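Inspection log for the structure reproduced underneath, given as structure tokens.
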Amino acid sequence: MVKIAQNRQSRGNLRETRFANERLDAIGVELTTLSELHARVPAKLLLETERVEFFMVLVATRGGGEHLVDLVRFPLQAGHVVFVRPGQIQQWQPQGGLEADLLLIDPAVIQPNTTTFQQATMALLRLEEWPNCFKMEAEELASWNLLTPMLRRELDQPQPDALSVAMARELLLCLI
């Protein structure tokens with residue numbers, strides 16, 4: 001089970017939330033759904049404003065709702081994406097019937113320092129230029145729906161081996 005570690009800061013009630021998952025530390029990626037998140041995190045906790053220390057790609061898959069990022073409300077319907085960077089403040093705005101895929105990424109994975117190839121590949125993605133909210137085209141959404149089950153399969157390994165880690169990282173690149 002993924003744990004989102006929380007540290008209360010002395011600066012008011014703002015919660016600092018970081019990605020933490022012992023089983024997936026080698027990969028640094030978690031793929032879950034909004035329903036799965038609701039099942040393991042108390043509703044009261046989800047309603048609190050938090051500063052995240054990981055990347056989050058929220059892809060709405062059905063229903064509607066909103067998500068708050070840095071005090072800006074973004075409407076969500078199927079195909080809409082909310083992109084949250086480390087250091088940004090977010091708040092869940094639960095509304096009727098919203099379901100979404102949540103891709104949580106350890107910043108060390110996106111900004112690797114292990115090989116020049118990885119750095120060059122990640123630099124091409126220019127994540128710092130991504131908008132906080134956008135709508136996927138039908139073809140992009142079809143690719144997302146094709147690749148997420150493959151990534152989930154790699155992440156669901158009881159003990160990820162070197163091949164699962166490599167496959168998950170490559171699938172992450174394809175998704176992004």
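The values are calculated or read from the model by the stated rules, or taken from the named source; none is laboratory data. Given the structure is predicted, the values throughout are model-derived calculations rather than measurements. When the accessible area is computed, the model is the full protein with side chains, heavy atoms only, and any ligands, DNA or RNA have been set aside. Shrake-Rupley method; radii C 1.70, N 1.55, O 1.52, S 1.80 Å.
See the values below:
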{"read-out": "Globularity ratio of segment 13-76, using Cα Rg and 2.2 N^0.38 Å", "value": "1.20"}
{"read-out": "Residue order for Met167, Met150 - accessible surface, 1.4 angstrom probe, largest first", "value": "Met167, Met150"}
{"read-out": "Accessible area in the full protein assembly, largest first, 1.4 Å probe, for Ser164, Ser35", "value": "Ser35, Ser164"}
